[in-house]
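Report on the structure given below.
The values are calculated or read from the model by the stated rules, or taken from the named source; none is laboratory data. None of these values were measured; they are calculated from a predicted model. Glycine also receives a Cβ, built like all others from the backbone with ideal geometry; neighbour counts cover every protein chain displayed.
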Amino acid sequence: MLITYVLLFAATMFIHELGHLLAARLCGVRAPELGLGWGPKLFEVGVRGVRFKMHLLPVGAYVRLDMKGLQTRPLVQQVFVLLAGVLVNIAAALATQGSWFSLMNYLLAATNLLPLYQQDGWKCGMVMLRALLARRSSLVEWTFTVAGGVVSFTALASLAFKYF
């Protein structure tokens, strides 16, 4: 049973990152690598200019985007690429309503929307703050990061206390 949950969660993470990859391609942003898991690489395969990698520990996933290329795109395209993983997870959750896979997709989408450092919600917030200010501001970015962490942990802790 545990293996089933691990595989379902790996699939959830993979389609999340695939959403980012496809959105990047639609917006003309290079995305040369997509990886599933962390640790030693088990295997790698190249498909249409993208290296797909599988690592030993299935505890995460990533897509490596050309960030300089992404930053040259219009704001709406940047936000689209950054939120595409969440959109794919919501679509998968709706398509598989009532299953464990659906629940995992909803959870991954919800946690990625949090303004927690390096989550999609945080990245979108940073992109929008920079666009709003028309520049980078270390003070504003650090304030957003710390406040986002506090808000995220408070929300997660309140849910944990409510249900556990």
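At-a-glance table
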{"item": "Among residues of the stretch 60-84, those that are farther than 20 Å from Arg135 by Cβ and of a type in the set (D, E, K, R), counted", "result": "2"}
{"item": "Residue within the stretch 80-87 that is at pLDDT 95 or above, hydrophobic (A, V, I, L, M, F, W, C), surrounded by 14 or more Cβ atoms within 10 Å (Cβ to Cβ) and in contact with a strand residue (DSSP E or B) (Cβ under 8 Å, 6 or more places away or on another chain) present", "result": "no"}
{"item": "For Ala91: the one exception among (1) at pLDDT below 95; (2) assigned to a helix (DSSP H, G or I)", "result": "(1)"}
{"item": "Qualifying residue in the stretch 141-159 (condition: in a helix (DSSP H, G or I), polar (S, T, N, Q), touching a residue at least 24 places away in the same chain (Cβ under 8 Å) and over 30 Å from Arg30 (Cα atoms))", "result": "yes"}
{"item": "Residue match in the stretch 113-134 (condition: of a type in the set (Asp, Glu), loosely packed, with under 15 Cβ neighbours inside 10 Å and under 30 Å from Lys41 (Cβ atoms))", "result": "no"}
{"item": "Qualifying residue in the stretch 104-113 (condition: of a type outside the set (Ser, Thr, Tyr), farther than 29 Å from Thr143 by Cα and assigned to a helix (DSSP H, G or I))", "result": "yes"}
{"item": "Flag for Gly28 being surrounded by fewer than 16 Cβ atoms within 10 Å (Cβ to Cβ) and closer than 16 Å to Leu82 by Cα", "result": "yes"}
{"item": "Residues (under 18 Å from the mean Cα position of the chain (by Cα) and at positive phi) located in the stretch 28-59", "result": "Gly37"}
{"item": "Within the stretch 8-25, considering residues that are out of contact with any helix residue (DSSP H, G or I) (no Cβ under 8 Å at 6 or more places or on another chain) and touching a residue at least 24 places away in the same chain (Cβ under 8 Å), the one surrounded by the most Cβ atoms within 10 Å (Cβ to Cβ)", "result": "Leu21"}
{"item": "Residue in the stretch 51-71 that is in contact (Cβ under 8 Å) with a residue 60 or more places away in the chain, part of a helix (DSSP H, G or I) and surrounded by 13 or more Cβ atoms within 10 Å (Cβ to Cβ) present", "result": "no"}
{"item": "Selection count where residues are in a helix (DSSP H, G or I), farther than 21 Å from Ala109 by Cβ and touching a Lys or Arg at 6+ places or on another chain (Cβ under 8 Å), scope the stretch 1-44", "result": "0"}
{"item": "Condition met for Met128 (over 20 Å from Leu21 (Cβ atoms), touching a residue at least 12 places away in the same chain (Cβ under 8 Å) and either in a helix (DSSP H, G or I) or over 10 Å from the mean Cα position of the chain (by Cα) (or both))", "result": "yes"}
{"item": "Failed item in (1) surrounded by fewer than 13 Cβ atoms within 10 Å (Cβ to Cβ); (2) under 25 Å from Ile15 (Cβ atoms), with Ala109 passing the rest", "result": "(1)"}
